[in-house]
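Notes to accompany the following structure.
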Amino acid sequence: PPPMPTPPGNAPAGMTIPPVDAVGNRITVNYGISTPQALWNLRSAYNVAALNCLEMQYVPILDGYKRFLKVYAKQLDAANRKVDASFQARQKGRAGTVARETYQTQVYNFFSLPPVDSGLCRAAMGLTSELETVAPTQLEAWSVGGLARMEAPFKAFFDSYDRYRADLALWQATYGVTRGPAATGAVMQGAPR
């Protein structure tokens, strides 16, 4: 038989990935969130890129992230307060704080998925350039699209992983061979834990 299909990006076999909703949208940590949460998740994604995109061609990301924190400090502070208030509205006191911290850990883990490192770095380079033209008063509204661009390489990876699983199932059905971990999964909200 031809070689067994392998996961994209050297990802592990049997990895779970976010499912899609009825209209084909991936249900990730960025699904159905408020605009302030989108800004805060964008900040998280940009932070992951600033820490992980260390190759020479990505040097502008760290400087861009530092500029982002400085130029948009008021907008980020306001978004942080709104996000905190939304968690506190659902669960009071310590429970709300724990819920928010747990969610933010999932966001960081999501953007730290190793098979998507290079895609995140390329997206962050584009983000760095785009932010040069975004006025502070426009940041929150702009952040929804900015977050979508940072998430795009992850969604592309999940789509390729779905194709891999379909190819693997066809290969196994055709050649009657099953090897390795099951190639099915349901929800991945972040990197392998």
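The values are calculated or read from the model by the stated rules, or taken from the named source; none is laboratory data. What you see is a predicted model, and the numbers here were worked out from it, not measured in a lab. Cβ coordinates were reconstructed from backbone atoms using ideal geometry, including for glycine residues, and neighbour counts include every protein chain displayed. Note: accessible area is taken over every heavy atom of the protein model, side chains too, but ligands, DNA and RNA are not part of it. Shrake-Rupley method; radii C 1.70, N 1.55, O 1.52, S 1.80 Å.
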Inset, instruction - Within the range 17-34, identify whether any single residue is assigned to a helix (DSSP H, G or I), open to solvent by 30 Å² or more (accessible area, probe 1.4 Å) and in contact (Cβ under 8 Å) with a residue 60 or more places away in the chain, and answer yes or no. - result: no
Inset, instruction - Could you tell me whether the range 42-65 includes any residue that is more than 15 Å from Leu120 (Cβ to Cβ), surrounded by 13 or more Cβ atoms within 10 Å (Cβ to Cβ) and in contact with a helix residue (DSSP H, G or I) (Cβ under 6 Å, 6 or more places away or on another chain)? - result: no
Inset, instruction - Might you let me know whether the range 93-116 holds any residue that is basic (Lys, Arg) and exposed (fewer than 14 other Cβ atoms within 10 Å of the Cβ)? - result: yes
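Here is a yes/no grid of residues against (1) over 20 Å from the mean Cα position of the chain (by Cα); (2) of a type outside the set (Val, Ile, Thr); (3) modelled with pLDDT of 95 or more:
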{"position": "Pro19", "(1), (2), (3)": "no, yes, yes"}
{"position": "Gly24", "(1), (2), (3)": "no, yes, no"}
{"position": "Ile33", "(1), (2), (3)": "no, no, yes"}
{"position": "Leu51", "(1), (2), (3)": "no, yes, yes"}
{"position": "Asp77", "(1), (2), (3)": "yes, yes, yes"}
{"position": "Gln88", "(1), (2), (3)": "yes, yes, no"}
{"position": "Thr102", "(1), (2), (3)": "no, no, yes"}
Inset, instruction - Have a look at Phe87, Phe68 and point out the one that is touching a helix residue (DSSP H, G or I) at 6+ places or on another chain (Cβ under 8 Å), farther than 23 Å from Ala152 by Cα and either free of Cβ contacts under 8 Å to residues at least 40 places away in the same chain or open to solvent by less than 70 Å² (accessible area, probe 1.4 Å) (or both). - result: Phe87
Inset, instruction - Of the numbered conditions (1) within 18 Å of Asp162 (Cβ to Cβ); (2) in a loop (DSSP other than H, G, I, E, B), Gly9 fails exactly one; give the number of that condition. - result: (2)
